[in-house]
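Okay, structure first, notes after.
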Amino acid sequence: MMDKLLKLASLAADQAEVYYQEETVDSLAFSDGKLDNCDSALSSGIALRVIKNGKMGLAHTRNLLNREALVKQALLSAENGVEVDFLFPHTQDPPRLELYRPSIETISKENLIEKGNRIIDYVRARIEGQINVSFGYGTGSSGILNSAGTELSARFSGFSTQAMLVFPGTGSGLFTFKTGRDLLELQEADLDELIELFQLSQNEIVPPTKKLPVIFTPISLFALLSRFSAASSPVNIYNRVSPLCGKLGEQIVSEKLSLNREPFDLELGSAASFDDEGTPTRRLTLIDRGVFSAFPTDLNYAAKMNLEPNGCAVRQSVESLPMAHAGNLALAPGDASMAEMISGIKEGILVQFLMGAHSGNVLYGDYSVGVSTGFMVENGRITGRVKDCLLSGNAYETLSNVEAVENKALNLGSHKLPSLLCKDVSVAGK
């Protein structure tokens, strides 16, 4: 079916590409200890991209009922499309990655309900409070064919589980989770750590307004790393609106930090041997001991900038054109344990979750974010949960003031990140 569509489009356009995807997702959730959601969803789609007379067009469908109509729509789109100057790649025999785990097919909702109830019973035997538990799992496939002779496909699976303790009277709280490609379970040790922090959170503290050391745990680091992702976009670099223009080879953050794209790390959700344009992926060092070393490219912007595409093209959906984005990111761990980082702080903050991470001048690294979940650290120990707390600064300055990097990284699905201890962060308590 796809090859017939490609053949038809190739006859009408100078170049053609067919991209398809299909995914089945099951989810199950408990709210306040009660099962309240049990869903299944199936999605699929086909995207046809053509290049004719130097202009690119896109058409998409959820059901390929009329190939001729889809080709006509893509050609019409190309008439008013953007001008491009690249060739679709001819990719053959990329490394085969085991992204699919057959055991995912044996998971039953009845079994997950039992596991969810077991988690709830374990937590409620130790503390009082609202507990939410959720599971999500699924399988899918995607593929790409083009007029250059590329014909690639991949099959994948995924699983995630999460337990959350909600702070009374708020929508925030603490959670622990695991993600991977087949069934994973939260262990008692994971829940015990959650329970201990929840008990400490009963003491609420308004922090002082001054510069303090702050431990950014992995999820909170998104607020800082998202600034680098925006600035390292080839769109912003090509249009010379990025603060990183002309800074390849220069130090932009602490030498303690190295950030790599790891497309062959199977534990991460975006592992792949080829990107969404069929370009082979490769390990890419974006920051090497603090030095800005590379940025992601897709076919279009690689051609505009006279660079080699490095396999970072991503489609948000079949309705979207590919764009360069470096997923599967890993920040190299350091040599400090979380206990060591906490014990060395006389007065500071441990941040788990932030609010308003997209506020401020994201492109230039500025941030001003509320602390949704964080803890006061005094004399080397956690003394309570902070409230009415705001952090502000510039991501590049904050990441240049790294005092310690945790000795392990947490798998967040799209990233593997350790915690960072940064000095002189502006903290405001109301």
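The table below gives the values:
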| quantity | calculated |
| --- | --- |
| Computed FRET value (nearest 0.05) for Ser226 with Asp3, which takes r as the C-beta separation and R₀ as 51 Å | 0.80 |
| Residue-count net charge about Thr398 - beta-carbon cut-off 10 Å; Lys, Arg +1, Asp, Glu -1 | 0 |
| Cα gyration tensor category, rounded, prolate or oblate, for segment 167-225 with a/c compared to 1.5 | oblate |
| Subset of Lys4/Lys55; Lys346/Lys387; Lys256/Lys304 violating a 27 Å alpha-carbon distance limit | Lys256/Lys304 |
| Label-point separation in nm, Asp190 to Val84, each point 7 Å along Cα→Cβ | 4.0 nm |
| Nearest-ten-degree value, helix 2-12 long axis tilted from longest Cα axis of the chain | 60 degrees |
| Point-to-point label distance, Asp335-Ala148, nm (Cα→Cβ direction, 7 Å offset) | 4.5 nm |
| Residue-averaged 222 nm ellipticity for the chain, from DSSP H runs of 4+ at -39500 (n - 2.57), nearest 500 | -5500 deg cm²/dmol |
| Selection of GluC sites (Glu not before Pro), segment 192-267, meeting DSSP coil and at most 16 other Cβ within 10 Å | Glu250, Glu255, Glu267 |
| Rounded to 10°, Cα long-axis angle of helix 109-124 versus longest principal axis of the chain | 20 degrees |
| Test item: Cα-centred dipole of the chain, Lys/Arg +1 and Asp/Glu -1 on Cβ, debye | 680 debye |
| Percent of beta bridges antiparallel (DSSP, the chain, rounded to nearest 5) | 95 percent |
| Extension gain, Leu266 back to Glu397 (0.36 nm per residue minus Cα-Cα distance, nm) | 43.9 nm |
| Among Ser232, Ser359, Ser273, residue whose mean-square fluctuation peaks in a GNM of the chain (springs only between Cα atoms under 10 Å) | Ser359 |
| Distance between segment 56-94 and segment 381-417 - C-alpha centres, whole angstrom | 43 Å |
| Under 14 Å, Cβ to Cβ, from Asp388 - net charge with Lys/Arg +1 and Asp/Glu -1 | +2 |
| Centroid-to-centroid separation of segment 125-164 and segment 300-349 [C-alpha atoms, Å] | 19 Å |
| Cα gyration tensor category, rounded, prolate or oblate, for segment 246-312 with a/c compared to 1.5 | oblate |
| Tilt relative to the chain, helix 222-231 - C-alpha long axis, 0 to 90 degrees, to 10 | 30 degrees |
| Among His60, Leu184, Ser359 the positive-end extreme of the charge dipole of the chain (Cβ point charges) | Ser359 |
| Dipole in debye (nearest 20) - segment 2-195, about Cα centre, beta carbon charges: Lys, Arg +1; Asp, Glu -1 | 560 debye |
| Loop trypsin sites (Lys or Arg not before Pro), segment 1-74 (other Cβ atoms within 10 Å of the site Cβ: 16 or fewer; DSSP) | Arg62 |
| Net +/- balance of residues flanking Ser426 in space, Cβ distance below 12 Å, scoring K and R +1, D and E -1 | 0 |
| Reported label for calculated Rg and Dmax of the Cα atoms in Å given (1) 25.1, 91; (2) 23.8, 73; (3) 20.9, 62 | (2) |
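No lab work stands behind these numbers, since they all come straight from the coordinates. Please read all numbers here as calculations on a predicted model, not as lab measurements. Please note: Cβ atoms are built from the backbone with ideal geometry, for glycine as well, and neighbour counts cover all protein chains shown.
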